[in-house]
1. Applying the selection to region 70-113, what residues are surrounded by 13 or more Cβ atoms within 10 Å (Cβ to Cβ) and in contact (Cβ under 8 Å) with a residue 60 or more places away in the chain?
2. Name the residue, out of Leu121, Leu90, that is at positive phi and out of contact with any Cys (no Cβ under 7 Å at 6 or more places or on another chain).
3. Can you spot a residue in region 43-57 that is touching an Asp or Glu at 6+ places or on another chain (Cβ under 9 Å), of a type in the set (Val, Ile, Thr) and touching a residue at least 40 places away in the same chain (Cβ under 8 Å)?
4. Of all strands (runs of 3 or more DSSP E) completely enclosed by region 39-131, which ones contain at least 2 residues that are hydroxyl-bearing (Ser, Thr, Tyr) and within 16 Å of the chain's Cα centre (by Cα)?
5. Can you tell me which residues in region 114-140 are modelled with pLDDT under 90, more than 17 Å from Tyr56 (Cβ to Cβ) and surrounded by 14 or more Cβ atoms within 10 Å (Cβ to Cβ)?
6. Give me a count of the residues in region 22-48 that are closer than 15 Å to Gln93 by Cα and modelled with pLDDT of 90 or more.
Amino acid sequence: MLSTRSRLNYLFRRLIHYPPRLAYALGLGPLIGRLVLLLTTTGRKSGKARVTPLQYEQIDVVYYVAAAFGPKTDWVRNLQADPRAQVRVLRRQFCARAELMVDPERIAQYLEYRLQRRPRLMRALLPPKPTHQQILQFAQNLVLVALYPPS
């Protein structure tokens, strides 16, 4: 049986997913899509479609998303079971193949790139003017996912 605190925490995490999903449903994808994409995975136990709004970076044709809670994140576990996903970003929808990366050096490179592109968003996660070593330390607990659109 879950405690009241656990239930509230779960409910809060579920509720924060609705505004981005609603924005996309209302045709506001081009506004919100500059920062957030919708990732649809197949539930590893239920087999149902699971939609998760995630911040992303696009590098060349690949979309990258990081799992702040690491390999225990539900959508990451769903992708481990089935690496096929649907992505909705801006006005685009496509099937993607996911590649999970756990190499801290690779994740640190991504975080440094993201820090250059979006310093305000990254301030909440990292100390001011972080060193590579601090970023590498932070990257130890993350999972980075590359989403490859069809070629």
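1. Within region 70-113, Gly70, Pro71, Thr73, Val76, Leu79, Ala85, Val87, Arg88, Val89, Leu90 meet the criteria.
2. Working: Leu121 fails: at positive phi.
Of the residues listed, the single one that is at positive phi and out of contact with any Cys (no Cβ under 7 Å at 6 or more places or on another chain) is Leu90.
3. If we filter region 43-57 for residues that are touching an Asp or Glu at 6+ places or on another chain (Cβ under 9 Å), which is where we start, we get 43-44, 50, 52.
With the extra rule that they be of a type in the set (Val, Ile, Thr), the set shrinks to 52.
Next, only the ones that are touching a residue at least 40 places away in the same chain (Cβ under 8 Å) stay: none.
No: zero hits.
4. On the way: elements: 49-55, 57-59, 62-67, 84-89, 92-101.
Passing ranges, in order: 62-67.
5. Listed by number, the list holds a single entry, Leu126.
6. Residues in region 22-48 being closer than 15 Å to Gln93 by Cα and modelled with pLDDT of 90 or more: 5 in total.
The values are calculated or read from the model by the stated rules, or taken from the named source; none is laboratory data. Bear in mind the structure is a predicted one, so any value in this text is a computation, not a measurement. Neighbour counts are summed over all protein chains in view; Cβ atoms, including those assigned to glycine, are modelled from backbone coordinates with ideal geometry.
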